[in-house]
1. Starting from residues that are touching a residue at least 60 places away in the same chain (Cβ under 8 Å) and assigned to a loop (DSSP other than H, G, I, E, B), keep the ones in region 378-388 and report whichever is surrounded by the most Cβ atoms within 10 Å (Cβ to Cβ).
2. With without any contact (Cβ under 8 Å) to a residue 12 or more places away in the chain, surrounded by 14 or more Cβ atoms within 10 Å (Cβ to Cβ) and not aliphatic (A, V, I, L, M) as the only criterion, which of Phe176, Phe168 stands out?
3. For the subset of region 194-219 comprising residues that are among the hydroxyl-bearing types (Ser, Thr, Tyr) and over 19 Å from Ala171 (Cβ atoms), which member is modelled with the lowest pLDDT?
4. For Tyr108, are the conditions met, namely being under 22 Å from Ala180 (Cβ atoms), hydroxyl-bearing (Ser, Thr, Tyr), more than 17 Å from the chain's Cα centre (by Cα) and surrounded by 15 or more Cβ atoms within 10 Å (Cβ to Cβ)?
5. Does Arg190 satisfy the condition of being buried (at least 17 other Cβ atoms within 10 Å of the Cβ) and over 23 Å from the mean Cα position of the chain (by Cα)?
6. Please verify whether Glu305 is over 28 Å from Arg36 (Cβ atoms) and touching a Pro at 6+ places or on another chain (Cβ under 9 Å), treating the condition exactly as stated.
7. Going through region 218-264 one residue at a time, which ones are crowded, with 19+ Cβ neighbours inside 10 Å and free of Cβ contacts under 8 Å to residues at least 12 places away in the same chain?
8. Any idea which of Leu375, Leu321, Leu301 is in a helix (DSSP H, G or I) and either in the same structural domain as Gly261 (by TED's automatic domain parsing) or in contact with a Cys (Cβ under 8 Å, 6 or more places away or on another chain) (or both)?
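The values are calculated or read from the model by the stated rules, or taken from the named source; none is laboratory data. Model, not experiment: these values are computed from the prediction. In this analysis, Cβ positions are derived from the backbone assuming ideal geometry, glycine residues included, and neighbour counts consider all displayed protein chains.
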Amino acid sequence: MADQVLEGIRVLDFGRYIAGPFCGTMLADFGAEVIRVEKLDGSEDRFVAPVGPGAGANFITMGRNKKGLTLNPMKPEGQAVLKRLLPTVDVVIANLPLPTLKAMQIDYDSLKKIKPDIILAMVSAFGIDGPYADRVGFDTLGQAMSGAMYMTGDDDMPRRASAPYVDFGTALLSAFGTMAALRERDKTGRGQLVESSLFSTAMTFMNSQHIEQSVLKLDRPPQGNRGVTAAPVDCFKTQDGFIFVLAIGYPLFDRWTKLVGADGWASDPRFATDEGRGDHADLICERMQQWCDGRTTAQALADLEEARIPGGPILNLQEALDDPHVNARGLHKYVDYPGVASAAPLMETPVRLSVTPGTIRHRAPQLGEHTNEILKGVGYSDEEIQQLHERRIV
């Protein structure tokens with residue numbers, strides 16, 4: 001394999017849960033040495049959705065390819081450890097409140113005094129300024145406050161997405177920003193602060209709907225599974241399950257009318273545009289449901305595919321794991337973790353480079369697994385390391 005893109009880049013990852021840690025995961029997949037820094041008794045996200053002792057499902061995927069260091073940076077001796085480590089580091093990742101970063105002396109102003117060209121990838125709930133800057137939050141607050149939960153709901157209740165897309169989106173934007181900052185440093189030698197937030201990510205993902213509201217003042221009601229400006233775009237029940245169908249744009253709608261036998265609809269002025277079809281979604285989706293009533297999921301999907309209309313089955317979690325396309329593409333790498341009953345299916349790096357791809361090289365670290373190795377690397381003796389353990393600095 002060719003040298004990895006980020007080989008030689010060293011990262012200290014103070015991230016928690018998803019938005020910070022998955023930024024580090026992406027950097028690690030492409031070859032960076034990422035050191036996950038945890039509390040001495042383990043950080044909270046290590047134990048989320050436990051599948052074994054000290055092994056949460058979230059941590060198993062976020063921690064892959066990383067080394068594990070335990071450290072208490074709130075004590076003077078912990079600060080001394082950091083001051084030895086930081087000159088060897090290119091990037092620091094942190095999704096902690098700004099006052100906590102300052103107390104740990106890993107805010108950007110403190111870091112650049114130690115290493116002027118360092119890059120701090122900082123993730124917060126609402127950003128570093130504005131009236132919400134001091135608030136804490138998780139993914140779902142981004143979904144809630146961006147309008148996404150309102151639009152995804154129905155007349156009875158707003159609905160969140162089960163997948164924490166705001167967290168993962170923020171992580172990917174943070175990784176993108178970090179790569180851009182590394183590129184800038186290569187050109188000029190300058191480090192910088194890379195700042196992202198859950199709220200900004202959520203607002204970005206909803207931006208087109210915000211534009212429509214700002215310009216047209218439509219005050220759209222909640223849409224549930226239904227598309228906002230096209231039809232049929234919805235979930236439909238078959239004889240043995242559910243499918244999702246999307247006919248967006250006139251060519252797809254034209255093919256759909258032929259498929260379901262909706263004679264004359266392709267030339268009906270009510271359905272001449274996506275917006276018009278969206279306005280008459282009740283009628284169009286009722287026709288689609290009638291078509292699905294007479295078919296199994298397999299029959300409906302086969303007919304949709306023959307007509308080249310996008311559609312897919314609504315799968316449960318096990319069905320998604322067993323999906324033949326997942327396995328044909330090798331999307332999962334099964335990795336053992338100590339104490340876990342079976343190998344965990346880690347999703348491979350989701351973006352593929354043809355020459356220097358990301359790889360899963362080793363499992364997530366056990367708590368503090370590489371502490372001694374990392375400390376020796378910055379000049380601590382065995383005796384000094386033992387004393388740090390005894391004083392619960394590491």
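1. As a first pass, look at region 378-388 and keep what is touching a residue at least 60 places away in the same chain (Cβ under 8 Å): 378-380, 388.
Subset that is assigned to a loop (DSSP other than H, G, I, E, B): 378-380.
On the way: Val378: 13, Gly379: 8, Tyr380: 18.
The extreme case among them is Tyr380.
2. Working: Phe168 fails: without any contact (Cβ under 8 Å) to a residue 12 or more places away in the chain.
After ruling out the rest, the residue left standing is Phe176.
3. So the first thing to find is which residues in region 194-219 are among the hydroxyl-bearing types (Ser, Thr, Tyr), and the list is 196-197, 200-201, 204, 208, 214.
If we keep only those that are over 19 Å from Ala171 (Cβ atoms) too, we end up with 208, 214.
On the way: Ser208: 95, Ser214: 98.
That would be Ser208.
4. On the way: under 22 Å from Ala180 (Cβ atoms): yes; hydroxyl-bearing (Ser, Thr, Tyr): yes; more than 17 Å from the chain's Cα centre (by Cα): yes; surrounded by 15 or more Cβ atoms within 10 Å (Cβ to Cβ): yes.
So Tyr108 fits the description; yes.
5. Working: buried (at least 17 other Cβ atoms within 10 Å of the Cβ): no; over 23 Å from the mean Cα position of the chain (by Cα): yes.
Against the criterion (buried (at least 17 other Cβ atoms within 10 Å of the Cβ) and over 23 Å from the mean Cα position of the chain (by Cα)), Arg190 does not qualify.
6. Details: over 28 Å from Arg36 (Cβ atoms): yes; touching a Pro at 6+ places or on another chain (Cβ under 9 Å): no.
So Glu305 fails the test.
7. Thr257
8. Working: Leu375 fails: either in the same structural domain as Gly261 (by TED's automatic domain parsing) or in contact with a Cys (Cβ under 8 Å, 6 or more places away or on another chain) (or both); Leu321 fails: either in the same structural domain as Gly261 (by TED's automatic domain parsing) or in contact with a Cys (Cβ under 8 Å, 6 or more places away or on another chain) (or both).
The unique qualifying residue is Leu301.
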